[in-house]
Each structure stands twice: as C-alpha cells, then as structure tokens.
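None of the figures in this text is laboratory data; all of them are computed from the coordinates on show. Predicted model only: the values in this text are computed from it and were never measured. Don't worry about glycine lacking a Cβ; one is built from the backbone with ideal geometry, like all the others, and counts go over all protein chains shown.
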Amino acid sequence: MGKSKLIMRKDFLQTSAFGTSAEVLDFSSFIINIHKALLVNRICCLFTALCIIFSVKFKAQAIDRFDLVNRHNVILKEIDPLASLSVGNGDFAYTADVTGMQSLEQYYYKNGIPLETLSTWAWHSFPNTKNFKMEDAMKPIDFHGRKIMYASQEKSEAGDYFRKNPHPAPLGQISLVKENGKSIEVSDLSQINQKLDLWKGLLSSSYQLNGTQVSVETVCSPENSTVAFSITSSLLKDGKLKPAFRFPYSYDLSIKNKPPFDWSKPDLHKTTIISKSANNVLLKRVINTTEYYVDIHWKGKAKFELDGPHRFYLNATGSDSLQIVCRFSPVNIKQSPPLFDAIRNESVLSWKDYWTKGGAVDFSGSKDPRANELERRVILSQYLMKVNYAGSFPPQETGLTHLSWYGKHNSEVYWWHAAQFYQWNHTDLLEKSFSWYKKILPIALKEAKREGFEGARWPKMAGRDGRTSPGGINPFIIWNQPNPIYLAELIYRANPNAKTLKKYSDVVFESAQFLASYAFYDVKTDRYILGPPLKSVNESTAESTTQNPTFELVQWYYGLKVAQDWRVRMGMTRNAQWDEVLKKLAYPTIKDGKYLEMETDPDMYDKKGGFSSAMLMSLGYLPQTPLIDPKIMSATFNTIYERNGLKSFVSWSLGKGAMTAARLGEQDKAIDILCNTLPGAVFLKNGHVQRAKETLACPAYLPANSAFLAAVALMAAGWDNGSEVNAPGFPQDGNWHIKVENLNKLP
C-alpha cells in the first residue's frame, strides 16, 4: 500500500473497529491493525471492482435504441396503397406514395390511404349562405324535469352545416409528373425500393420510371410546416420529369370519412404569385375566408411555370438534380426557409432526441414467436404518434393522415390519444395538445351555463375553434368530461410541483364542478345518478332510457377524487359539494356476479351474440377505486372474453382489453389481445390499423395505435400498488424477456 493511501486511511483506522488512537501506540496492536487495514482495503477495492463490473454489465444490458428502432424501418419493394408513408411533426404532415411524393393520388385514394398535406392550423368553412345559427340545429330535451336545448338535429340543414364546418383545409398536392404534365401511372414504375428511416424521419425512394432511375428523399422540418425534397434523375434534365404543385378548393364533404379533394371549383379560390425570383416563389392561397402562404425555394437549375390557375411546375431542363423546400404558413414569413440539407439535419436531431429521451421496450430476448411483431407494432405506433398526434390541437381520430368525421376532434377518445405520451415519458407532447383545453375554457364555461350547469362542459366533437358540432349522439356523450382531470393528473405525476398545479387547476376545478353539477340527486334512492338523457360508450342505446353506466360512474368518482386531491395539494379546503357527490354517487350495477354496462340494461348477458365491454375500462383505463371489486371485474372480463374471444378486442379495444387483463393478473390474455391479428387489429406495413367497420373509408384509425401503446406501457412499467416484478403485465413464464427503460407508471 502506498504512503498516500496509508495517510488517507489514518482517520478511518482511528475511528473504526481497528482500535482507538491509544491502542495504536502499542506496537503489536499497531501491526495487527495494519493487517486488518490491508484486508479491509482489499475488500473495499474488490467491492469497488465489483461495482464497476456490475455497472459495465448494466450498461451492456441497456437498450440499444438505435438498433431497436432501425430493425423496424419500413421497406417497400412494390406499390401498396395501404402503405403510404408520412413525414411530419404533429402539427404538420406530408403523406407520400412510392415515388416519395404524391404522384399516384387517385390510385391510393381508391385503394388505400390517401395522399394528404395537412396541418393543425389551417381550417376552412364553406360560406354560410343561409345564415344558419346553432340554435337552428337544437331541440329541447328533458333533463330531470327541466328542458335543455341540445344540438341533436344533425340531419337538419343547420345541423349538417355545423357538422361539416369548420374542417381542415388541404394545403396542396406536391407530386411528380411526366412530360407535358401527364400523370405517372402505376404501370410506369418498376424496381421499387423505398425506405422510411424511423431514426431520422427520412423517406428515401428509389425506382425506375419507364426504365430510367429516379431517386427522391423526403423530409419534414421538426419545427414548422415545411416539407423538403431532393430529387435526382436524368429525366429532370431531359424535361421528362417535373415536380408539380397543385391546389384543390377543399373536400367533397358529402363523404365524412376520407373525403376526396374537390378539384371541380377553380373559380371559388385563388392562388396568387406574390413574388418570384430565380430560386424562389411565394404563393398566397385564398379559399373563402381562409388564407395561407406557400413559400417554394429550390436549389438547382429550374424555372417555375404556371399551368392553369392552381397548378404549377418546376422545369429543371438541363439539370439532373433538384432540391425543393416548400413551407406552408398562416402568415407571410419574410425570411427564406432553410435549405434541404439543413432541414434534413434538423430532422435527424429531432427524431434522435425523441427516440433516446422517451421510454423504450425491447422484446428481442423473448422466446415467444410473437415478440418481434409486437415490438414492430410498438415502434411504428410511436412513430405515428409523433407525426400525427404530437401537435398543438388534440387530433382527429385519423391524425394528419386523412380526414375522419369531417376532421373534428372527438374528445371522448382524447385520453386514449394522449395518455400514452406521459407513459412513454413524452409528457411535453401531452401538454402541447392539452393547452388547447385552457384556450377553450371560456367557451366550455359558457356552454355549461347555457345548459344550466356549473363548471365547464367540453365539446364532444369540435374543430380548432372549440365549438361543439351537432349530432344525434354528440350532446349526450359524457365520458369525455372527466378526461381533462385525469390527463392533468398525469402531467402532475411527471412534474409534481406548484407550477403544474397553478397552470392547470382551472381546467381541473371547472371540469370537476361540471361533474358535480351534472350528477342528479335522486331523492327516492338517496343517491346521485347519471342520466338520462345520456349515451354510453357503445352509443347504441336510446339516450332517454340510459342511466348509470358503469364506466361513467367510476369516471365521475375518480375525477372528483383527483380534483379534491388537487385542492389539498394547493392548501385549499375540500369542496363540500364534491364530497357530497362522492359519498352518495350510485354504485355500478351487478347481476349474477358481473358488472352490467349500465343499470338500465339488466338483460345484457342474455342477448345473443356479443355485448358491450365498456365497463372493463372501470379497472384498467382507470385505477382501482372503491366502486369496483376486482373479483367481480375478473368475472366480467372473463365472461366477455369467453363469449367472443379476441373479437371483442380489436381497434382501440386492444388497449381497453389488455389494460384490464393486466391489472387483473390475466397476463396471458393481455398478451393475446395485444398480438391479436383479427380484422381491425392488423397493423399494416406502415403501422396503421384500419377501422374494423370501415376498412377503406377509414384506413388509418390511430386510436388503435395510441390505445395499444397505452396498454404496452402499463404492462411494461406497471401501476401504483401493483407487482414490482419486471414488466408485471406480461406473462412471467420464461418466454418473455423484456428490457424496459424510462417509462412512467399509471395510477
């Protein structure tokens, strides 16, 4: 042992079991203590070495994020209209075909996922030529002895108008065309090799067009509504291939899901060239009252040419390569957009940040043959969430891929949309869209007051303006109302501080005030009840006869409980009215040892065929509450599972079923649900899931992806008061070896 080490250990020798300073003065004791010191020092060194070895081993066991993501890159070798691929940032997305652009519009529209350029900020309304008012779509509905005017007349002229308006505006089509502006045909393409690099957010497309090679790279800015292309081909030089820019009027909204572009009304909109230079052109788009700008910048020899009022080309004759940057904006931005290489680099850094800072689950060590497909579903779903759901406005159910329900946000599904961001440790992306609820709070307060309630009533189906849309179902849905409280609680769990409480307390408290105000005190039964009028989750029962649905009752309880927790955290007294509702809220109805979907449908289990599984969300989606007995929920779950098997768990019910199964300890059934391959549970090559009822009308139904991610995260990270084993929601039979990193538990 060196001198310096002996000096360092002097105090340790004098104050430990080696003896006091007086004993050390005795030579023999000193020698004995030196031997002990040497022994302990060696033990310390050995311990340190073991710690280093353990640390190295632990780091070796860490998930290789780059490898995890890249082994699921999308590779296409042929034209597949159900495998269109998107680049985007949550507020803007560009969806391309195998050409890397939007060149096969009609083929993809008719047979698969359409080719769209969409944002969260561009909205359009057809002119209200008949001066409709929302009141024109309303009729009085009895609410326990008083009349409320509800906008339930969706088939009236006013109802039809306000359902369709506002709707997202199609920003424009950017494609490749052949000589003389002729469209590329499917038969023109061969030797296709397209790759979506998930780690970089980069789409690379290589193919032959009538025997000549074409290469296109497509990428999106992580910060704004900009898409960029790098195109290489001798066809450009020969004038036989041209980038084209084309702008439709709007959509044909006679079709609510996946409406086609309306190219038939060129006189109803304007595309004006504001400025033009050797490598740049600025366009202004005016569609009725909607205005936005399109800034097109290119690098390479090319000439911008007009071909009709809303169609333009870049003629690159003489050059075999071209880089194009196209920026869409609601205002005229004076400075030029970055060049292609800069945007490409920004995309790479942004996506690396997303993949490395968030949560990850690695199934590669598992023996179960379904593990790789399960992992593919996770990675592709995470990519789709970032592109489609990570914006400043809560998304429609098809995100920025194509329109559904006229492009409106359906708020009852918002928890399924956004909770997974918290679970996968991207709470900032949850907060990004959640901020919209703060913005529309005055509208929600006004709507509740109009109906005679306190607090804030959130719109069921709305555009960015926050105004509700008429519908035969919309006014009677209530399972959207507690969502903001639950999501705010998740934000607080990620950021448990006074700043979070202050920022979102108004949304939490006004939501809770509506819950307490809406619950009706029934004197005869001395309890607070929900409905009628009410539409439960399955939306199939008459609103005038639906009362006390199980899931909604538990939602009401949990929402009010969390709101009271927020008051206590903020040093406030508990709200007496909320406590009164909590104390006397009706309990879910039980029959033959199972929960009913609702109190007013006692014979649900006697019906032929399947039956609703909405009550399963009372324990799974929601945490354990006093209203739910796990044993009774277990009997309920297994009855549903045994009646219809995996048929009950497709689309977003993948998440619903798997989360309940996991919390009940039914890990084998939970994994069977996640790995379901029935129609409505098939994850396409690009990760999208078709809506079971409307496979071609709704070919990219993203609640299936987000609910799936919520379930995987719950099963991998666990939940409060759950088992502390690794990945507690997965089978513990030795076939699943799962690495879990950086996930957040649910309550």
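Considering only beta bridges that DSSP places wholly inside the chain, some 95 percent are antiparallel.
Summary of the geometry: region 261-276 and region 570-591, compared by the centres of their Cα atoms, lie 56 Å apart.
Each peptide in 704-711, 138-145 gets a packing score, the mean of other Cβ atoms within 10 Å over its residues, and the list from highest to lowest is 704-711, 138-145. Give me the log10 of I(q) over I(0) for the chain at q = 0.07, 0.08, 0.09, 0.10 Å⁻¹, as the Debye formula computes it from C-alpha points; what are the numbers? Reported log10 I(q)/I(0), two decimals: -0.56, -0.70, -0.86, -1.01.
According to the square roots a ≥ b ≥ c of the eigenvalues of the Cα gyration tensor, what is the shape class of region 49-199, taking rounded for a/c under 1.5, prolate for a/b larger than b/c otherwise, and oblate for the remainder? Before the final figure, lay out the partial values.
Numbers: a/c = 3.57, a/b = 1.42, b/c = 2.51.
It comes out oblate by the Cα gyration axes.
Mind checking which of 620, 595, 653 is farthest towards the positive end of region 595-660's charge dipole, using Cβ charges of +1 (Lys, Arg) and -1 (Asp, Glu) about the Cα centre? Most positive-ward Cα: 653. Taking 0.36 nm per residue of separation and subtracting the current Cα-Cα distance, fully stretching the chain between residue 353 and residue 185 would add 56.6 nm. Dipole check for region 569-615: with +1 at the C-beta of Lys and Arg, -1 at the C-beta of Asp and Glu, and the Cα centre as origin, the magnitude is about 260 Debye. Oblate is the label for region 162-223, because a/c, from the alpha-carbon gyration tensor with a ≥ b ≥ c as root eigenvalues, is 1.5 or above and a/b does not exceed b/c.
Starting from the Cα gyration tensor of region 325-414, take the square roots of the eigenvalues, sort them a ≥ b ≥ c, and report rounded, prolate or oblate (rounded when a/c is under 1.5, otherwise prolate if a/b is larger than b/c, else oblate). Please report the intermediate quantities before stating the final value.
Numbers: a/c = 2.97, a/b = 1.39, b/c = 2.14.
Here region 325-414 falls in the oblate category.
Under a Cβ-Cβ cut-off of 11 Å, what is the net charge of the residues other than residue 495 that fall near it, where Lys and Arg count +1 and Asp and Glu count -1? Spell out each step's value before the answer.
Details: positive: 493, 499, 503; negative: 428, 431.
Net local charge, residue 495 excluded: +1.
If you average the alpha carbon positions of region 202-235 and of region 120-196, how far apart do those two centres end up, in angstrom? Centre-to-centre distance over Cα atoms comes out at 29 Å.
With the simple spin-label model, which puts each label point 7 Å out from Cα in the Cβ direction, the residue 732 to residue 605 separation comes to 2.9 nm. Comparing 184, 315, 675 along the charge dipole axis of the chain, the residue lying farthest to the positive side is 315, per the Cβ-charge model.
Given an 8 Å cut-off on Cα distances and at least 6 residues of separation, report the relative contact order of the chain as a percent. Spell out each step's value before the answer.
Working: 1544 pairs, mean separation 92.1, N = 747.
RCO, the chain: 12 percent.
How high is the FRET efficiency from residue 334 to residue 587, r the C-beta distance, R0 56 Å, rounded to 0.05? Each step should come with its number before you reach the end.
On the way: r = 62 Å, r/R0 = 1.11.
Result of the calculation: an efficiency of 0.35.
Counted by Cβ distance under 12 Å from residue 508, the other residues give a net charge of +2, where Lys and Arg count +1 and Asp and Glu count -1. Give me the net charge of residue 427's neighbourhood, meaning all other residues with Cβ under 15 Å from the Cβ of residue 427; Lys, Arg count +1, Asp, Glu -1. My count for the surroundings of residue 427 gives +3.
R0 = 51 Å: FRET efficiency of residue 677 with residue 570, Cβ-based, nearest 0.05?
Efficiency, rounded to the nearest 0.05: 0.60.
Think of each Lys and Arg Cβ as +1 and each Asp and Glu Cβ as -1; about the Cα centre, that makes the dipole of the chain roughly 1300 debye.
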